[in-house]
Amino acid sequence: MSAFSKNTSRTWSIQDPVITNRMHGIIGGVSSLLVFPHKDHYKDDREYPSAVEGKIKLYQVESFSWLWSRQARKLINEAMGTFISLQDAVKEVEPDDYKSVLVKKCREYRSMIQACVEDITMCRECEGDQEELTASGQLLYKMELILSLIEILFIDKKPGGMILGQLLMWIRSHFTQCIEKKNEVMESDHPHQHSAYWEAVYGSVLQGRMEDARHMLSNHPFADTDPFLSIDELLRKMPFYQVYGGVSVAEFTVRWQHWQSECERRLQEGHYSTCHQLQTVCKILCGDQKTINNLIDLMDTWYHLMVSTLLFTCPTVKLFRLHSAAQDAIACVGGEQSTTPLDHVLLAAMEADILQVIKECQQVLDNTWFTAHVTDLLCHTMGQTTDQKFLPELRESLLLDYVSVLVSHCSLWQIGILYLDHLGPSGIAMSQTVLQRLPLTDDSRAHKIIQMASDRNFDSVVVGVCRVMGRRALSQGRLGSAIWWGVRSRDAAFTSHLAHQILQKYVVEGRFESSQLLDDLGPAMLLSDTLTFLGKYREFHMMYQDGNFRDAAVLLVSLISSKLAPEYFWPVLLLDALPLLKSEEPVISAEQTYELMYCLHNLHNHASKRGKQSSLENEATCSAFLEKEIDLRLALSNNLARAIIHEGSVDN
Amino acid sequence: MEVTKKYVARKIKTVRWKPPTTDYGRTDVFITGSWDDLDNVVEVWQVPETEEDPSRLHQLPHLGSVNDMQYITRDMFAAGSSNGGVKLYQHDSSNHLEEKMSWDRAHTFVGSSAPCTALATNGDQIASVGEDGNLVILNPNQKIPIRTIESVGGCSVYAVVYVRASEVVTANMQGHLKLWDLRSAQSARATLLSPDQIAVCDLASHPTQQHLVAAGGEDGALAIWDMRNTSQPFTIISAHSGPISEVRFHPGAPEHVFTCGLDGQLIHWDASASARPTHIPSFKNTRDPSGGSINVWLSSDVARGAIETVSVIPYSPLPINSVDVEGSTLIAGSDNEAIYMVRQVLLY
């Protein structure tokens, strides 16, 4: 198959003999691809019968992540809380409590995975795609299995490096078949006659559940005979090492060897010759490799085999010897050939090779959630002890991968942003990029983006969002909304543009469409000159309406003389002055009249200068104004005369 | 006080208790609406008697984000969608939902649909507001809106509330509160201005004293308005560090107010300290207006801003979008795809 790019703006063309015509593809987004078949354009359409041609369809191929399924959403949301509290906790916590914090957080992750498994089991009973649910369940099981092993081997290290106790707990909680079998057997009428009776006994012994094994044996009709009493004693007396048990390793070893030699003695002396099943139990206790290996069917996996073998051969095993034990166990179950990717992860963990663990995890689990969170945990753990330099970088990069999955989903972007807060400079950069590019579907989404951006002091993002909203409102003809967003973004140019639009509309229509808005601009008015003018002009209207002519006149003249008004608006202002000039009581002083006259003069000059060049539209307004000009001049001179007399008489 | 958090795999925009079947009854059923997802839903939940999480009873797909929901009667509610439509659902006693009526283009911009932002109801009609700035009055039995009051300037309206049977107050992005008398054909009876053009994100009216309206602002402050004095708010108290998304008076003990916000806080405002000593507020006996503290919200303590505020749920970095309270149990929906439930919320 050959695939090559044709240099037509990111449209890829795939040529393959199997595909009758070519296929084309365009990258449609972060995680989508648009694919469509090639169609030649012939000049003569009749060459192909229309039935064959059909319509060309565009196929959108999107990457699907398990993380987008409903089952995973709970995990994503809950993990976010734990992740953030972990980042905060490691900064504040005392070095002594460091480990316990990490262990606690690791257990939180595990418990949320388990809760998801439970949800899925509940779902399976009532609804949904069974296959998908089963796959989800298995995936979650694997994640939990790996995470708990990582907790034991890397995070919750016990003093002295004794790990068998924890490994045993790990096996017990993940392989519950023997307990299920035991319950089934014990519920039957005659437990000892049940076909799985001895399997359940062996299974319990192999997991070190001695109490369960003894309970089952005591239900046997021959429980009072010597062989049974003897094995009961051995099971009861088996020593278990406890880290904080107050017994030193050396002392434990002595006790344990003593106990095992007692087992061997009884075996050799033929205590159990009458009952071969008890003999098998005793052989397990003696750590007989062959016997344990033969019971592999009860254990399913090599790691169960490994732990069970270690339990009866080397209970004080330390981490560094675990690897060879694992290799032995794998050899028993069929060697490297039969291992699965999951086995590789576990093996890598037992080799204490962090990098390998993370690598293998990426292959076994098709989601970035797990690797990202595990790497974060490991990075914090190792940051304390060793100098694994690659870890912080790896953590950042894997978490960024995870976030990029989150933000490419329409609904999970907020969680993505919260993760980015803890990912250093590249996180902040990505956070800004993401917030800028989120589709602004409605106001409430815009407000949420603004809130997130302003919490992080991304001023440019806030301004950007407001501008987009403002311009959209403008294109929808919602001037009020547009001005609000413009003021919000402190975008002087945009608000000026809007104010001009309102003024021009006023020139044409003679009324304000959004007067309410303009009345209450408040301090926002000061953002741009035009907006200030607009606000003040509106104030003039209010005064005039209220009959407060004197103040209105002062404001009007100051508006005219301050040159805040755009030139196309001057005629309007001067015409507004007309009724004031004609009012019975002179409200415009001589000084103010001069200003108006000066303004009129300027306007006249401008108008006559541009007379011929101006467009038809302007001409119409100009000529309309010129008609009134005579009227205006008359009124001005009359008012000037009145004002001079009035002022003179008041002075006297 | 005990807080439970249930993850529901969708961001929750609205939570509402189903009203109790009688005035003195209790309710254990609530509805939620999601937003911003590929497929949004309206869901019905039941709170079990035991201390368990609520369980889902019914789910119905919903076109667009569910921006608001309001019960009109005890078994009928309206839902406003981000695609500009309002839908009427029947919520029967077996907790099954059924669509009864739909006004698909209640709110429109030129050529496209405008999100419906909030709904209010007085028991027999629905008032709907949207980003187009219009106030649309709908009759549940009538396909055509009874009345559409168009805005000037097209400022998005974010909240609406009935203060009397025929009077509604709307609030818009500029912080203007307008009082409309639906019987008269005139424009707004009064305009109330929040200072500094702070957008008002939600309104709530006092369950018994309807001239009292609480407004949650974009700056995180709660303003108390007395509709008899429209020149300025009675008091403004800041508590949230981000926009307030919803305000609710406790229906039975209205000296308690709950607000939630984009800063992830859910705050309990307790004004009962400024009331004269009265009997302990309980759901049953404060419904009658004579009982309890009548003017707590207009007391001098409140005016000074001396009011007790307590954060009800642990801090969440994501917005809490909606809150509702009935009896002693509070529910809230968040962008963390979780429903919070707080039992015994008044007693701590």
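A short reminder: the numbers here are calculations on the coordinates, not readings from a lab. Worth saying up front: this structure is predicted, and the values here are computed from it rather than measured. Positions of Cβ are backbone-derived with ideal geometry, glycine not excepted, and every protein chain shown enters the neighbour counts.
What trypsin sites (Lys or Arg not before Pro) in segment B:148-198 are in a loop by DSSP, with at most 14 other Cβ atoms within 10 Å of the Cβ?
Numbers: sites: B:Arg164, B:Lys178, B:Arg183, B:Arg189; in loops: B:Arg183, B:Arg189.
Answer in residue order: B:Arg183, B:Arg189.
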Scalar couplings 3J(HN,Hα) for segment B:333-344 by Karplus 6.51 cos²θ - 1.76 cosθ + 1.60 (θ = phi - 60°), nearest whole Hz, x for Gly and Pro, are x, 10, 6, 7, 6, 10, 9, 8, 10, 10, 8, 6
Please identify the GluC sites (Glu not before Pro) of segment A:528-598 that satisfy two criteria: DSSP loop assignment and at most 13 other Cβ atoms within 10 Å. Which are they? A:Glu584
Among the lysines, select those whose C-alpha is under 19 Å from the C-alpha of B:Lys5, and discard any that sit fewer than 8 residues away in the same chain. A:Lys74, A:Lys105, B:Lys13
Once amide H atoms are placed 1.01 Å from N in the peptide plane, what residues at a sequence separation of 5 or more from B:Gly264, or on another chain, have their amide H within under 5 Å of its amide H? B:Ile320
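At a Förster radius of 45 Å, what calculated FRET efficiency corresponds to the Cβ-Cβ distance of A:Leu564 and B:Val110, to the nearest 0.05? Spell out each step's value before the answer.
Details: r = 32 Å, r/R0 = 0.71.
Efficiency, rounded to the nearest 0.05: 0.90.
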Sticking with the crude label model, points 7 Å out along Cα→Cβ, report the distance from B:Arg189 to A:Gln504 in nm, one decimal please. 4.1
Of the listed peptides B:329-338, A:67-76, what is their order by residue-averaged count of other C-beta atoms within 10 Å, with the highest listed first? B:329-338, A:67-76
Using a 7 Å offset from Cα along Cα-Cβ at A:Ser404, what residues in segment A:437-467 end up with backbone N under 20 Å from the label point? A:437-439
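Considering only Cα-Cα distances, which of the following residue pairs are longer than 31 Å: A:Lys104/B:Lys6; A:Lys99/A:Lys182; B:Lys11/B:Lys87; A:Lys99/A:Lys448? Show your work: numbers first, answer last.
Values: A:Lys104/B:Lys6 21 Å; A:Lys99/A:Lys182 37 Å; B:Lys11/B:Lys87 20 Å; A:Lys99/A:Lys448 37 Å.
Among A:Lys104/B:Lys6; A:Lys99/A:Lys182; B:Lys11/B:Lys87; A:Lys99/A:Lys448, the Cα-Cα distance tops 31 Å for A:Lys99/A:Lys182; A:Lys99/A:Lys448.
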Can you work out the Karplus-derived ³J(HN,Hα) for every residue in segment B:298-308? Use 6.51 cos²θ - 1.76 cosθ + 1.60 with θ = phi - 60°, whole Hz, and x for glycine or proline. 10, 7, 5, 4, 5, 4, 6, x, 7, 9, 7
Which of the lysines could be linked to A:Lys57 by a straight reach, that is with a Cα gap under 19 Å, when you skip same-chain ones fewer than 8 residues away? A:Lys39
Which order do A:Asp546, A:Asp328, A:Asp300, B:Asp324 fall in if you start with the one that has the fewest other Cβ atoms within 10 Å? A:Asp546, A:Asp300, A:Asp328, B:Asp324
Which of the peptides A:302-312, A:254-264 is most tightly packed, and how do the rest follow, judged by the mean count of other Cβ atoms within 10 Å per residue? A:302-312, A:254-264
